[in-house]
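Structure first, then comments.
Rule-based calculations on the coordinates, nothing more; no lab input. These numbers were taken from a predicted model, which means no experiment stands behind them. Don't worry about glycine lacking a Cβ; one is built from the backbone with ideal geometry, like all the others, and counts go over all protein chains shown.
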């Protein structure tokens, strides 16, 4: 079966991309994960990897042309699959049709339910039995293309089988509530702070806080899913991402204060919010929760700092080293259980950030404040144990940076939960993004 | 039954013609004996059915035919191929399944054909050639230039429905077809005295209102004469005939046949009436060609058979993908 | 060149194709039982008593004479085999096997001789023969005169199978079959002989191996064979009232099969029903279903459904025969089941 290569969405803000260069010609074989095309967005130029192995059958957007996020860039035929020009055109037509439908529905408030043509529908029953989802081949393919989780789709076909219409409806419902995402800059005591806002304004509020050496881009695989159900904000902390990088105090305490002022600046609707913090961002969130417990609805700590003394020294060394692609690749490799997660585009993205003016200095300052001497300075276990609101520690089982054992500290809280994800390193929100999204969304959504 | 050594038709045969017929018979005999040896040595895939002993029928009939005339044959078809002029090298190559074979290796012994020489194929279905020859007769009649179709079939086929249907059709449409029954006394392992409800196949001709004669198939002159009459009749537009040639195959139904159903005495008795030896004697007695001259012919034939085998053994097999070609003229 | 349009029946269209091709090529001859009828009867020297049992070849002997229109005795193996032999030696015969159910009597000549001689002779021979034969139930002709069985012929390498559903298709496809150099079996549904339709005048050819979209639609693809095209069209009208848009694909030729048109249609509608009057086991319907399951797997939103005759011979009594033949109602029910 053929696969459509679409214009990626790097972060919520990206709207269009420019095709800089095709790295493969029509007729050439491609391997899944192999770079196929170079795309330039407003932020960066990156390579896009082939989503599937096969042969590059057709290039839809040539070099030098722009296309919106999600638009079809090329058709990759499966190995041995022969597609006539008519079939290629049909594939592209259908792909555009699906995306057009989704876009049309996306502006509506509330969930839009599409009724397929035909007579009466059978009662909507879940299509999962014994772990295997009942879905037609076409529905499976569509679900893959649209990143719809079949387990969450209700099927209306024979015996509750999920059909294409069901998948389309689920995709629309997921998108419909999302609304537009907003990229903005908030001034926090003179520090220009870059952030993204998305999701229905009347939904639960969630703030995402990245870790050492990261930025709001770390949440790229999560925000679309959350934006369907939550009003979210992801920020670049002071000294990171596209926010200002003044020479200042970058300790956890200072960053927690920064967070408080940032939320004040966002507006009264952010007075009380849930927090999701990764790594050092988890420590920041935890510290904030300890100081302002009335402002924190629920807390999610993702492979968080602050729950023990151990931290991987080599990772810290690599973070501190000169931001060359080799160093960054080596650093990033330690973040994942599966080294193939470190794609060229990720390395390039990180390098671009680390080489901005002041970025390297701010990074070193932050690292030294929290982890100078190769150990964690901040022990927030007592703070955690004293929290009454629901707390979830979610951790990668194979975390090579901060040991998974630290997650157990969450059990000391009155309403503490621990979730360990297998086959996963320090960044479960990237490496096991679907499972992460499901688990965290379910945790945040509980009544 | 008549031996027609002195009949007018035979008298008209000159030495060249007689030597040609002798050479053809010897070619068939040596070809079959060589095939039998090579088959026993495991060189030939599939089945072979040897014609040795019956040479006089093929040669006696085909001597009257040109490339413009048609013949159909059966599973014991090597003799007809040779008598109709199919190339020896192509024949051996076909037995070995080589690309240079008459059928590009796609048919094998039972399906050797050369349509351009009017040889419409050996046939693996007993009785299969009868309607085909009748159809060739229909073409001949439509084309109106005096072509003839000859159908060689065995005593076994004489009972098949296709025999009866074909003779009837040829009769009602007066087609130029000569049906030549090679009665070698056995249909596989079953003797004709059991399997046939009449004594001679030629008796059945009356049922289809056409001339039917029985001749000594071991006598080249008898075959030649009867065939000549029937073929001339057909060319004149007077319709079909049936000729039954009583003959004998020296080897089994197929190579590998234990031939338990025939006695050694019977085989020896037929060998003593060998058609080639008879012709030799006749040519010597009439002073047409002495033994030495005929021995020389034998040697030349041996050379050509050897050459054909050398050629065929060296020839390449077809590529496996060739299995996919030649099903249709075009598809779609 | 086809210019004007007028109405002909399916039978008349076939007659016209034969006439045009016989004028065009003197090597084309017709053979079969009673294709003229009355052979050697006084008064029928140049006239036909029947012109075919259902009159399809009526009048041809008047123009072409009894040297080119040959009545045969009832000896299928003999005259079908003779047609093979004639085709292999330079004629272009069109032989009629009156009812397809008789193929057992001459099957060797068709499948072991005619279909295989080109291949077995290494491509050095050809059999440009057309076998016309009647198929189809509905006339009360019972078990030995009502079958379809084109699947058996389609199965054999070396045979091409053509099954027209309209008069215009019948004329163009028969012309193509006669001009084709391979063995083509041309299946005429006897229940369609009276069907009228627009048929272009003059000479035209519809290429073998090209399907036809008889009705465009978007919700479901129905592949229908022979008279089932007409049944499917009736079903589509009924379904349109329910807002279901049916696309009907008529393969017209089963061997070679126009896979692309069928697969493109399934890629468009994502649902496939096949309607086939033949018995269901090892049929054209299962063949096409396997094709879609293989090459359109990820396009399918619902299982492939086959609407066929049952696994029985054709019954005689009218209510039984009507039960046997796939009806528009049965097609509608199957589609509705898939559409939910």
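Of all DSSP-defined beta bridges confined to chain C, some 20% are antiparallel rather than parallel.
Cα extents for segment C:239-340 along the principal axes, largest to smallest and rounded to whole angstrom: 42, 35, 21. From the alpha carbon centroid of segment C:277-295 to that of segment A:262-339 is 59 Å.
Among C:222, C:14, B:28, sorting on how many other beta-carbon atoms sit within 10 Å of each Cβ, with the fewest leading, yields C:14, B:28, C:222. Kirkwood radius for segment A:357-423, taken over all pairs of different Cα atoms as the inverse mean of 1/r, rounds to 13.7 Å. In plain terms, the residue of B:322, A:338 with the fewest other Cβ atoms within 10 Å comes first and the most crowded comes last, giving A:338, B:322.
When only alpha carbons are used to place a centre, segment A:352-379 and segment B:102-133 end up 89 Å from one another. Between C:184, C:105, C:275, the GNM of chain C built on Cα springs shorter than 10 angstrom shows C:105 fluctuating the most.
Projecting label points 7 angstrom from Cα along Cα→Cβ for residue C:63 and residue A:42 puts them 7.6 nm apart. Sorted from longest to shortest, the spans of the Cα atoms of segment C:121-171 along the three principal axes equal 45, 28, 15 Å. Helix A:433-445 and the longest principal axis of the Cα set of chain A meet at an angle near 70°. Using equal-weight Cα scatterers in the Debye expression, the normalised intensity of segment B:264-316 in log10 at q = 0.17 Å⁻¹ is -0.72. Legend: translational diffusion of segment C:177-269 by Stokes-Einstein, Rh = Kirkwood radius over C-alpha pairs, 37 °C, 0.692 mPa s; D = 224 µm²/s.
Among A:276, A:247, A:148, which one shows the biggest mean-square fluctuation in a GNM of chain A, springs joining Cα atoms closer than 10 Å? So, out of A:276, A:247, A:148, the one fluctuating most is A:247. For chain A, the extents of the C-alpha atoms along the principal axes are 63, 49, 39 Å, listed from largest to smallest. The alpha carbon centroids of segment A:392-441 and segment C:211-232 are separated by 56 Å. Mean partner shielding of peptide C:111-120, defined as the number of other chain Cβ atoms within 10 Å of each residue Cβ, is 6.
In chain A, helices alone account for a calculated mean residue ellipticity at 222 nm of -9500 deg cm²/dmol, with every DSSP H run of four or more residues adding -39,500 (n - 2.57).
Need one number: % antiparallel among DSSP beta bridges in segment C:7-200, to the nearest 5.
Here the antiparallel bridges make up roughly 10 percent for segment C:7-200.
Using the Cβ-Cβ distance between residue A:184 and residue A:65 with R0 set to 35 Å, the FRET efficiency works out to roughly 0.75.
Cβ-to-Cβ counts within 10 Å put C:153, B:311, C:79 in ascending order as B:311, C:153, C:79, the fewest first.
Between helix A:137-146 and chain A there is an angle of about 40 degrees, using the helix long axis and the longest principal axis of the Cα atoms.
To the nearest µm²/s, what D does Stokes-Einstein give for segment A:3-106 at 37 °C and 0.692 mPa s, using the Kirkwood radius over alpha carbon pairs as Rh? Here the translational diffusion coefficient equals 235 µm²/s. Each 10 Å bin, from zero up to the one with the longest distance, holds this percent of the alpha carbon pairs of chain C: 6, 26, 34, 23, 9, 2, 0. Relative contact order for chain B: 23 percent, from Cα pairs under 8 Å spaced at least 6 residues apart, divided by residue count.
Mean partner shielding of peptide A:380-389, defined as the number of other chain Cβ atoms within 10 Å of each residue Cβ, is 0. Seen against the Cα atoms of chain A and their longest principal axis, helix A:344-354 is set at about 30 degrees.
Of the beta bridges DSSP finds with both residues in the protein assembly as shown, what % are antiparallel, to the nearest 5? In the protein assembly as shown, DSSP labels about 40 percent of beta bridges as antiparallel. All distinct Cα pairs of chain B go into the 1/r average, and the inverse of that average, the Kirkwood radius, is 20.1 Å. Only DSSP H runs of four or more residues enter the estimate; each adds -39500 (n - 2.57), and after division by the residues of chain C the mean residue ellipticity at 222 nm equals -10000 deg cm²/dmol.
Roughly how compact is segment A:182-445, stated as its Cα Rg over 2.2 N^0.38 Å to two decimals? That ratio works out to 0.90.
When the Gaussian network model of chain A links Cα atoms closer than 10 Å, the mean-square fluctuations of A:183, A:82, A:47 top out at A:82. Applying Stokes-Einstein at 20 °C and 1.002 mPa s to the Kirkwood radius of the protein assembly as shown, computed over alpha-carbon pairs, gives a translational diffusion coefficient of 59 µm² s⁻¹. The helix-only estimate of mean residue ellipticity at 222 nm for chain B, built from DSSP H runs of length n ≥ 4 each weighted as -39500 (n - 2.57), is -13500 deg cm²/dmol after division by the residue total.
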